[in-house]
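To start, the structure under review is shown below, and the notes come after it.
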Amino acid sequence: VGLPFPSVNDPVSIMRAEAFKMELQAVNVGSPIAEGDESSPSSLLAASKCMRTVNQAIGRAIRHKDDFGVAILLDERYVHEGVQRDISAWVRRNLISCTSIGNSIPKIVSFFKEASKKHSKAYRHNGISTAEY
């Protein structure tokens, strides 16, 4: 998954960015608000919307405390601290960076082996065998 930034030409996004800029100007009376850099109101709003979309997508795959899965974020920007800061804390605690798909395969296999063992023990503990599940 790349970073799903909203379209810069989307009329709704443009209006939200303008409203956000006006709110910031009201709070920061007399302080100029720069546009065109990554700290501009429109950039901050776009980044926020982008990361909310990423977090929602991951959350749709893993919805319960006993669920497990792997979300593969295939974009080098995900290794940047500023981007990782906006990833949900429960995901961020478990992030693993790999330099290639080949390097990630053994880690993914290991994850599923460990998660399957824990999942199986949890269901046996609750009186449900995995065959019944």
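All conditions in (1) modelled with pLDDT of 80 or more; (2) within 12 Å of the chain's Cα centre (by Cα); (3) open to solvent by 50 Å² or more (accessible area, probe 1.4 Å) hold for V1, with the sole exception of (1).
Could you tell me which residue of the stretch 48-67 is nearest to K118 (Cα to Cα), considering only residues that are open to solvent by 70 Å² or more (accessible area, probe 1.4 Å) and part of a loop (DSSP other than H, G, I, E, B)?
Out of the qualifying residues, it is K65.
The values are calculated or read from the model by the stated rules, or taken from the named source; none is laboratory data. Just so you know, these numbers come straight off a predicted model, no measurement behind them. Ligands, DNA and RNA are excluded from the accessible area calculation, which covers all protein heavy atoms including side chains. Shrake-Rupley method; radii C 1.70, N 1.55, O 1.52, S 1.80 Å.
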